[in-house]
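Worksheet for the structure shown next.
The values are calculated or read from the model by the stated rules, or taken from the named source; none is laboratory data. Just so it is clear, the structure is predicted and the values come from calculations on it, not from any experiment. Don't worry about glycine lacking a Cβ; one is built from the backbone with ideal geometry, like all the others, and counts go over all protein chains shown.
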Amino acid sequence: MFKLLKDDVDVIFEQDPAARNYLEVILTYSGLHAIWAHRLAHFFFKNKLFFIARVISQISRFFTGIEIHPGAVIGRRFFIDHGMGVVIGETCEIGDNVTLYQGVTLGGTGKERGKRHPTLEDNVLVATGAKVLGSIVVGANSKVGAGSVVLKNVPMNSTVVGIPGKVVIQNGVRIKPDLNHQNMPDPVMDKCESMEMKIARLQQEVEELKKARQEEGERL
């Protein structure tokens with residue numbers, strides 16, 4: 001147990017250059033507090049003391065802004081950086097050396113029962129604001145880009161970006177088409193342009209009808 005807790009601290013020094021000393025990390029890192037509270041809550045959960053487990057997780061949520069269901073299974077050296085708004089569902093399974101940033105959701109997609117939350121294999125990184133939803137697997141050594149919404153399995157050694165998430169790099173090779181976020185489609189703008197085109201056609205038809213009626217009036 002003490003080795004596990006020490007690993008939780010050591011990974012912070014490896015991942016966060018702002019970490020200065022053990023006292024600062026242990027007293028001020030909310031992500032670390034949330035992980036330790038979860039490990040305690042998970043112990044009670046496994047022993048079917050569900051109420052105590054939920055109370056611990058809710059107290060942790062109140063103080064850290066990080067919500068981890070006590071049923072989630074989390075491996076060693078788990079790092080939550082700037083963790084406000086992180087949500088981890090009941091049936092999540094998280095491997096070793098996984099990193100989450102603020103605003104990440106590992107959630108479900110509805111009211112399904114059983115395994116309904118994601119599995120993150122070893123060495124996965126999920127960037128700020130990303131949503132990984134449903135009973136899917138994010139393969140080892142993969143990365144999920146900031147703001148992405150992942151709804152399908154992600155192969156090992158991949159980088160996923162976009163809404164919905166698409167694999168853009170796998171095993172170090174860029175996958176076509178390349179998603180340039182500066183040139184992502186804007187559905188609102190597309191709709192406005194379509195409406196402008198329809199209005200222009202209607203105006204042209206009205207003008208043609210007016211002209212036809214004028215010519216008919218002149219003949220009469």
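In the set (1) without any contact (Cβ under 8 Å) to a residue 60 or more places away in the chain; (2) within 13 Å of the chain's Cα centre (by Cα), Arg113 fails one condition alone, (2). Any residue in region 75-86 that is surrounded by fewer than 19 Cβ atoms within 10 Å (Cβ to Cβ) and over 22 Å from Gly107 (Cβ atoms)? Yes, some residue in region 75-86 is surrounded by fewer than 19 Cβ atoms within 10 Å (Cβ to Cβ) and over 22 Å from Gly107 (Cβ atoms). Selection within region 159-211: residues that are among the acidic types (Asp, Glu) and over 30 Å from Leu120 (Cα atoms). The member of this set that is modelled with the lowest pLDDT is Asp186. Within region 82-98, being under 14 Å from the mean Cα position of the chain (by Cα), of a type outside the set (A, V, I, L, M, F, W, C) and within 14 Å of Ser30 (Cα to Cα) holds for Gly83, Gly85.
The residue of region 19-71 that is farthest from Met84 (Cα to Cα), among those that are outside any loop (DSSP other than H, G, I, E, B) and among the hydroxyl-bearing types (Ser, Thr, Tyr), is Tyr22. The residue of region 155-165 that is surrounded by the most Cβ atoms within 10 Å (Cβ to Cβ), among those that are farther than 20 Å from Asp81 by Cα and within 13 Å of the chain's Cα centre (by Cα), is Gly165. Only one entry in Gly89, Gly71 is closer than 15 Å to Thr119 by Cβ and touching a Leu at 6+ places or on another chain (Cβ under 9 Å), namely Gly89.
Assessment of region 72-79 against the conditions (assigned by TED's automatic domain parsing to the domain that holds Leu125 and on the phi > 0 side of the Ramachandran plot) yields at least one matching residue.
Taking region 16-55 as the range and being among the polar types (S, T, N, Q) and either surrounded by fewer than 16 Cβ atoms within 10 Å (Cβ to Cβ) or in contact with an Asp or Glu (Cβ under 6 Å, 6 or more places away or on another chain) (or both) as the test, the residues that pass are Asn21, Thr28, Asn47.
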